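Any read-out appearing in this document is the output of simple, stated calculations on the displayed coordinates, not a laboratory observation. The shown structure was predicted, so the numbers you read here are calculated from the model rather than taken from an experiment. With ideal geometry, Cβ positions are generated from the backbone for all residues, glycine too; neighbour counts draw on all protein chains shown.
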Amino acid sequence: MNLPPRHRLVMTEDGSTTLHSELFDESCHSTAGAREETRVHYLQGCHVEEWLTQNSIMHILEVGFGTGLGWQETHLFAQKITNAFLNFVSLELDEDLVKWALPEATRHQDGKRLWYQQDFPRAQLKVIIGDARITVPQWFEHLEKFHAIYQDAFSPRKNPTLWTTEWFALLGQLSHPGARLATYSASISIRKALHAAGWGVYPGEAFARKKASTRAQWKCPSDPDLLIELAKHPTPALKDLEKA
Ligand SMILES: C[S@@+](CC[C@H](N)C(=O)[O-])C[C@H]1O[C@@H](n2cnc3c(N)ncnc32)[C@H](O)[C@@H]1O
């Protein structure tokens, strides 16, 4: 199938591919390895194995479906290790990406809500189409509370509205207490935004050329050393100026 419009395919160093978006002028993954980055930041960062082996169901929310790699890796992994049910919900602005990555998914529409769905023996995937800041409130009463969130929007510089205090507060409302959020970004402004929204924030693993990333847990304490470090920086938390 042809690539989605305004995207080009990029080979990464672990042999997996990613897409580069013309609109955001950014790739969906690190060129050091799309698959490896997904495993380190999201599967390990959100303790997916631990949860799936100890519970009968896991609800995961992904911010940015992109190429579908986050879903594919999580589904493959879940099938191998457990009988638990995986409920994976992803948010995506660009419908063309979803048509390309999920040719067998069914398109659904109910009023303003538009989504693609695919059912598997022990998993369900839903990709909600539209600007996540608009679709999440529309979906509120139709979504379960999540155990894990893959915060995988484009970078705060290119895609700032999905890294703000208001956005992270919205994600908190969708989360169980103790739910884990993982992201590749280690920027001061997004760590401050997470903390201001009520997430306990702590440093995450390094990957490739990035020395750190960020992990968070809903309604949990932050790492005290990290808070001291954040207080030293004048950079403020990112705010959504349209919503503030
Ligand atoms: C870094 S990529 C996601 C990569 C993906 N997790 C994967 O495994 O391929 C970021 C995605 O967020 C989407 N996006 C950007 N702004 C958005 C918004 N406001 N609402 C929903 N999706 C958005 C982009 O279209 C892009 O596909």
On C-alpha positions alone, give me the angle between the axis of helix 188-197 and the longest principal axis of the chain, in degrees, nearest 10. 90
Cα convex hull of the chain: mean projected area in nm², to one decimal? 13.1
Using the crude model of +1 on Lys and Arg Cβ and -1 on Asp and Glu Cβ, and no other charge, please compute the dipole size for the chain relative to its Cα centre, in debye to 20. 380
Checking the a/c ratio against 1.5 first, then a/b against b/c, what shape does the Cα gyration tensor give for the stretch 142-244? rounded
What angle, in degrees between 0 and 90 and rounded to the nearest 10, separates the Cα long axis of helix 69-81 from the longest principal axis of the Cα atoms of the chain? 80
For the stretch 7-232, share of DSSP beta bridges that run antiparallel, in % to the nearest 5: 55
Compare the peptides 113-125, 149-161 by average per-residue count of other Cβ atoms within 10 angstrom and give them in order, highest first. 149-161, 113-125
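With n ≥ 4 as the cut-off for DSSP H runs, can you work out [θ] at 222 nm for the chain, using -39500 (n - 2.57) per run divided by the number of residues, rounded to the nearest 500?
Details: 8 runs with 68 residues, N = 244.
The helix contribution divided over the chain gives -7500 deg cm²/dmol.
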Listed residues Lys99, Lys145, Lys80, most fluctuating in the chain (Gaussian network, C-alpha, under 10 Å): Lys80
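Just want to confirm a number: the relative contact order over the chain, from Cα pairs under 8 angstrom separated by 6+ residues, in percent.
16 percent.
Within the stretch 1-71, which trypsin sites (Lys or Arg not before Pro) sit in a loop by DSSP and count at most 16 neighbouring Cβ atoms inside 10 Å? Before the final figure, lay out each step's value.
Details: sites: Arg6, Arg8, Arg35, Arg39; in loops: Arg6.
Sites meeting the loop and neighbour criteria: Arg6.
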